[in-house]
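The values are calculated or read from the model by the stated rules, or taken from the named source; none is laboratory data. These numbers come from a predicted model, not from an experiment. Here Cβ is always computed from backbone atoms with ideal geometry, including for glycine, and neighbour counts include all displayed protein chains.
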Amino acid sequence: SAVISQKPSRDICQRGTSLTIQCQVDSQVTMMFWYRQQPGQSLTLIATANQGSEATYESGFVIDKFPISRPNLTFSTLTVSNMSPEDSSIYLCSAESNSGNTIYFGEGSWLTVV
Amino acid sequence: KQEVTQIPAALSVPEGENLVLNCSFTDSAIYNLQWFRQDPGKGLTSLLLIQSSQREQTSGRLNASLDKSSGRSTLYIAASQPGDSATYLCAVLDTGAGSYQLTFGKGTKLSVIP
């Protein structure tokens, strides 16, 4: 099984600033994903983090707002840029086992923008 | 610490059958409960979100129920189709100790046989 370490676990951010969330997997995985859960809403996929190429973004999410890096098969970052209070959410990193049979989750990063 | 258990781990049914997936959680002080499906190589797709004050939610052939007091939720799929084949995940959102924490079950892998 894989273990995902995500940090920060929690942060309070000033409006207009940017924050980068890190996701570290303890084994090599092919697929990594980033999600957002805003208060009272369901978990929503932001993008698929592709190793060595640009992330694949879902409708409603753009690279300028949520730049993602995936330099290797064990690490990814999500940056929330120019934050506003509407960006206050839980951000979650996930990875899929290479066999496709198991999904692993980080513990989430709870961001509050003030 | 919240624990989420899904039973069964795998399920195979013939097309057209109705089926029930089970999810149980140890701490009933949840904010909401969500059901997702995961297709290999793709991110989670949100199916249903049940707030802690609700008893059930319906979407098409899917019906999810929530019994907070007993720490249980079920996902009912009517008239199953081969396209329903996927892994189904249950997740609870906790708001204890002033923080938000998403906890996922390990999923039920569903195969619908044509």
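Here are a few things to note about the model shown:
- Considering residues of the range B:76-111 that are more than 19 Å from A:Thr44 (Cβ to Cβ) and aliphatic (A, V, I, L, M) only, the residue surrounded by the fewest Cβ atoms within 10 Å (Cβ to Cβ): B:Ala97
- Of all residues in the range B:5-40, those satisfying the criterion of being more than 23 Å from B:Ala78 (Cβ to Cβ) and hydroxyl-bearing (Ser, Thr, Tyr) are B:Thr5, B:Thr26, B:Ser28, B:Tyr31.
- One residue alone among A:Leu45, A:Leu73, A:Leu78 is more than 14 Å from chain B (Cβ to nearest Cβ) and closer than 26 Å to B:Gly107 by Cα, and that residue is A:Leu73.
- Residue within the range B:34-50 that is more than 12 Å from chain A (Cβ to nearest Cβ), without any contact (Cβ under 8 Å) to a residue 12 or more places away in the chain and small (Gly, Ala, Ser) present: no
- Given (1) modelled with pLDDT of 95 or more; (2) out of contact with any helix residue (DSSP H, G or I) (no Cβ under 7 Å at 6 or more places or on another chain); (3) away from chain A (no Cβ under 14 Å); (4) surrounded by 14 or more Cβ atoms within 10 Å (Cβ to Cβ), number of the condition B:Ala64 does not satisfy: (3)
- Test for B:Ser69: is it part of a loop (DSSP other than H, G, I, E, B), farther than 20 Å from A:Met31 by Cβ and within 13 Å of another protein chain (Cβ to nearest Cβ): no
- Pairs with Cβ under 7 Å, 6+ apart, first in the range B:88-114 and assigned to a strand (DSSP E or B) and modelled with pLDDT of 90 or more, second surrounded by fewer than 17 Cβ atoms within 10 Å (Cβ to Cβ) and of a type in the set (Asp, Glu): B:Val112/B:Glu15; B:Ile113/B:Glu15
Yes/no per residue for (1) in contact with a Leu (Cβ under 6 Å, 6 or more places away or on another chain); (2) more than 18 Å from A:Ser94 (Cβ to Cβ); (3) not in a loop (DSSP other than H, G, I, E, B):
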| site | (1), (2), (3) |
| --- | --- |
| B:Glu17 | no, yes, no |
| B:Leu21 | yes, yes, yes |
| B:Ser24 | no, yes, yes |
| B:Asn32 | yes, yes, yes |
| B:Leu49 | no, no, yes |
| B:Gln54 | no, yes, no |
| B:Thr58 | no, yes, yes |
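- Scanning the range A:19-36 for residues that are in contact (Cβ under 8 Å) with a residue 60 or more places away in the chain, more than 11 Å from the chain's Cα centre (by Cα) and surrounded by 13 or more Cβ atoms within 10 Å (Cβ to Cβ) turns up A:Leu19, A:Val25, A:Val29, A:Thr30, A:Met31.
- Residue tally, condition touching a Leu at 6+ places or on another chain (Cβ under 8 Å), crowded, with 21+ Cβ neighbours inside 10 Å, within 18 Å of A:Glu54 (Cα to Cα) and not small (Gly, Ala, Ser), over the range A:68-114: 3
- Residue that is surrounded by the most Cβ atoms within 10 Å (Cβ to Cβ) [pool: residues in the range B:3-33 that are β-branched (Val, Ile, Thr) and touching a residue at least 60 places away in the same chain (Cβ under 8 Å)]: B:Ile30
- Lone unmet requirement of (1) β-branched (Val, Ile, Thr); (2) within 14 Å of another protein chain (Cβ to nearest Cβ); (3) over 11 Å from the mean Cα position of the chain (by Cα) for A:Val113: (2)
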